[in-house]
Amino acid sequence: MNVRASAPATQRAVELAQKGDALADRGRHIEALRCYEKALKLRPDLVAIRVNAALSLRATGRLAEAIAALRRAAQEHPEIAQIQVNLGSALAARGDTAGAEAAYRAALAADPDHAEAHGNLGAALLDRNAVEAALPHLRRATAGGGAGAAHWFNLGNALMKTDALDEAAQCFRNALGADATMTDALVNLGVVNLRSDRLAAAAMCLERALATRPNDPLVLVNLGHARQRCGDIVAARRLLERAVELAPHDAGAATWLATDDMIRGRPRVAVERLESAAAVAADEATAADLARNALCDLQYDDTADAADIVRAHRAWAARYAAAAPAPPPADARDPGRRLRVGFVSADLKAHPVAYFLAPVLEALDRAAVETICYACQPQSDAITARLRAASAAWRAASALDDAALLNLVRDDGVDILVDLSGHTAGSRLRVFSRRAAPVQATWLGYPGTTGVDAIDWRLSDAACDPPEEDALSSERVLRLPGFLCYEPRAELPAVGPLPGASGPITFGSFNNILKLSDRAARLFAGVLAAVPDSRLLIKSSVPLDEETRRLHVGRIARHGIDAARIEMLPWQQDAAAHFAAFAQVDIALDSYPYCGTTTTCETLWMGIPVVTLAGDRHAARVGASLMGQVGLPEFVARSDGGFAAIAADWAGRRGDLAALRAALRGRMAASPLCDAAGFARRLEAAFRTMWRDRLDRAP
């Protein structure tokens, strides 16, 4: 455009434009537009004025006119990147994401280092979940000094999606440094801290966010979750109940209120709450997760029988995990070749699953089995490093969706894929349902059937899953002599003397408090009644406030027991302090119907026998399996009365009890339970059996 204008006209146009800019800065865009219009009558060729006028048009709701003006300016001046950026922002506001992305790319063609163009393109890509494509642009936007809060916030969100939690946290801190009032960044920093197990920091961020957003369900739910994990059970419940008032169908509120039900010993209420939430969930994936959580909680319900549990698991699988045809196995006619075995878990960190897996993984014969671990958790720690070192290959899979993980497993050419989660947190059963590998099995991480027809095998033993009860499993059960291999933790202290050698007997239960069912409370009360001078020591594996501890003492005391005989120790984060409490216990009492596993092994290693009740399902028989493996079947009861009788009998045999305490660690160390090499050979044989069976069935 060629326009001849006098110097006075130019000066007047500039003055009007400056006045318009000042008005626009104060949000007075209608008045600003009048100034810009007068200026453009004098100098219609001044592109800066035209662009600023377009921005004021957008601010006053005249979006179509703004886009048209910016498009003309961009066509006339393709070399000015900022015009393209402004056009992209306007197109994005209209919902034209493709047009917006094209404009941002045009801006970068004009100026490859334009930070705002990189930031806006990254945000647009992130909005359509193209995370990997977004990250380089968001990093460029924040590379120089003075990056705006929005760019740091968007980079933090992208990093959250890839589970780069520490880096995401720093981005949110940078966003708050640029704009201390950015509550969204404060909320997300709290969420990242929560996911990283930095609970106190999470609660602090979310408390600050709540001060500015007292009625935000997202803040209430995450703060409730943080408070719950910190042990502030009553305060957490109030926050979550408030969230439900504001958002009755919020899946997170339902999840953590169900956990509150579990903490208070109400598994049936938890199951019903989750099932109701699944019925009104916003999408199928959320419904599947809620219903899966209900299945986990059902395992703790002493009013459900084994048949109820199997039906519920099969119904979940039929609705959310229908089986897909199996692909033909690679190299199908070689039954003796080296097998590639994949393990899928979100617990390859400091977690019972990892503690049981590590010694076995290290002992497997690499000439017979090539292992690949698919780590579906964002966190890593010393046990993660140990597992990684023991694996032939390691795949970080926490940020992969089901389709991506399915393709990765298939690309890796896995022969046998082993689920280590079942229906617990981080489960990837929907990948298994699509037949990721020719042979699929489940082991270790879940106390029973998955219900998923595409999982061929479940590794167990005859104590937990007797052959006559195969109908209780959707999988074929492959029975080992024992399905667990235990390696004692280094923090466990030496075995001390019997505390009740010259005084009252102390019974103990250090299992997860969620396992203290009403029936377990009756069992414990029955033992205390049978041994009148005894006391009971309970120690929770999670922090609990004083009101909740009193609640659980009362659940046992209401069966005619003096509450003064029951002590509930506070939670201790320090492992050494936790394990030191075992020195106060003479005889341990197992939970029911969900027996202890890791806790039972630790208790036995400390020289303390465990009285357990064998029930009607896998979860209720793990104690029987463990006691059988260490040669103590006499501690396995078959009835409630038998449970009290065994405890009372051994309470009266102080000499035998002291001798057993002194010998039990050595006895356990020599047992099959602690024989990692032997277990590895048996597991290799089990994998070979699965593979040969697959070849025999292949067309």
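Distances between placed amide hydrogens fall under 5 Å for W571 paired with L544, all partners being 5 or more residues away or on another chain. Selection among N154, L420, H29 by position relative to the dipole of the chain gives H29 as farthest towards the positive end (Cβ unit charges, Cα centre).
So how tilted is helix 165-178 from the main axis of the chain? Cα-based, degrees 0 to 90, rounded to 10. For helix 165-178, the angle is close to 40 degrees.
Please list 372-385, 468-481 highest first by mean number of surrounding beta-carbon atoms within 10 Å per residue. Let's see the in-between values first.
Details: 372-385: 19.2, 468-481: 16.4.
By packing density, highest mean first, the sequence is 372-385, 468-481.
Among A577, A306, A651, which residue has its Cα positioned farthest towards the positive end of the charge dipole of the chain, with +1 placed on the Cβ of Lys and Arg, -1 on the Cβ of Asp and Glu, and the dipole taken about the Cα centre? Positive-most Cα among the choices belongs to A577. Taking 0.36 nm per residue of sequence separation and removing the Cα-Cα distance, the A282/A367 pair yields an extension gain of 25.8 nm.
Roughly how big is region 501-582's charge dipole about its Cα centre, with Cβ charges of +1 (Lys, Arg) and -1 (Asp, Glu), in debye to the nearest 20? Please list the in-between numbers first.
Details: 10 positive and 8 negative charges, 61 e Å.
It works out to roughly 300 debye.
Note on M568: accessible area approximately 20 square angstrom, rounded to 10, probe 1.4 Å, nucleic acids and ligands left out.
Modelled this way, with points 7 Å down the Cα-to-C-beta line, the labels at E634 and D616 are 3.1 nm from one another. Please give the helix 115-127 orientation as an angle from the longest Cα principal axis of the chain, in degrees from 0 to 90, rounded to the nearest 10. With rounding to tens, the tilt is 50 degrees.
With Rh defined as the Kirkwood radius, the inverse of the mean 1/r over Cα pairs, the Rg/Rh of region 385-460 is 0.94. Normalising the average separation of contacting C-alpha pairs (under 8 angstrom, six or more residues apart) by the number of residues puts the relative contact order of the chain at 9 percent. Computed from Cα positions, the angle between helix 97-110 and the longest principal axis of the chain comes to roughly 70 degrees.
Here the chain exposes an accessible surface that is 52 percent carbon and sulfur, computed with a 1.4 Å probe and the other protein chains kept in place. Highest mean packing comes first when the peptides 39-47, 594-602 are listed by Cβ atoms within 10 Å, giving 594-602, 39-47. Per-residue accessible area (protein heavy atoms, 1.4 Å probe) orders T10, T442 as T10, T442, starting from the largest. Cα centroid separation, region 92-128 to region 211-277: 39 Å. In the chain, helical runs assigned H by DSSP with n ≥ 4 each contribute -39500 (n - 2.57); averaged across all residues and rounded to the nearest 500, the mean residue ellipticity at 222 nm is -17000 deg cm²/dmol. When the Cα positions of W394, M627, I561 are compared along the charge dipole of the chain, W394 comes out farthest toward the positive end, with charges on each C-beta of Lys, Arg, Asp and Glu. The residues of region 259-347 have, on average, 43 Å² of accessible surface per residue, using a 1.4 Å probe with all protein chains present.
Based on the alpha-carbon gyration tensor of region 219-265, what equivalent-ellipsoid semi-axes (square roots of 5 times the eigenvalues) come out, in whole Å, largest first? Walk me through the numbers on the way to the answer.
Working: eigenvalues 47, 25, 13 Å².
For region 219-265, the ellipsoid semi-axes come out as 15, 11, 8 Å.
Where the alpha-carbon atoms of the chain are placed on the principal axes, they occupy 112, 66, 43 Å, in descending order. Distance between the modelled labels on R681 and A315, one decimal in nanometres: 4.6 nm (7 Å Cα→Cβ projection).
Looking at region 533-609, the accessible area is 35 square angstrom per residue; that uses a 1.4 Å probe and ignores ligands, DNA and RNA. Our coupling estimate for region 298-303, obtained by passing each phi through the Karplus curve with A = 6.51, B = -1.76, C = 1.60 and θ = phi - 60°, is 4, 5, 8, 7, 7, 9 Hz, Gly and Pro reported as x.
K38 contributes an accessible area of around 120 Å² to the protein surface, as traced by a 1.4 Å probe with all chains present. Computed with a 1.4 Å probe over protein heavy atoms only, the accessible surface of region 22-138 comes to 47 Å² per residue. Protection proxy ranking, highest mean first, for peptides 114-120, 632-638: 114-120, 632-638, where packing is the per-residue count of other beta-carbon atoms within 10 Å, averaged. Counting only pairs 8 or more residues apart or on different chains, how many lysine pairs in the chain have their Cα atoms under 21 Å apart? Count of close lysine pairs: 4.
The values are calculated or read from the model by the stated rules, or taken from the named source; none is laboratory data. A quick note: this is a predicted structure, and the numbers were derived from the prediction, not measured. Here Cβ is always computed from backbone atoms with ideal geometry, including for glycine, and neighbour counts include all displayed protein chains. In case anyone asks, the SASA skips ligands and DNA or RNA and just uses the protein heavy atoms, side chains included. Shrake-Rupley method; radii C 1.70, N 1.55, O 1.52, S 1.80 Å.
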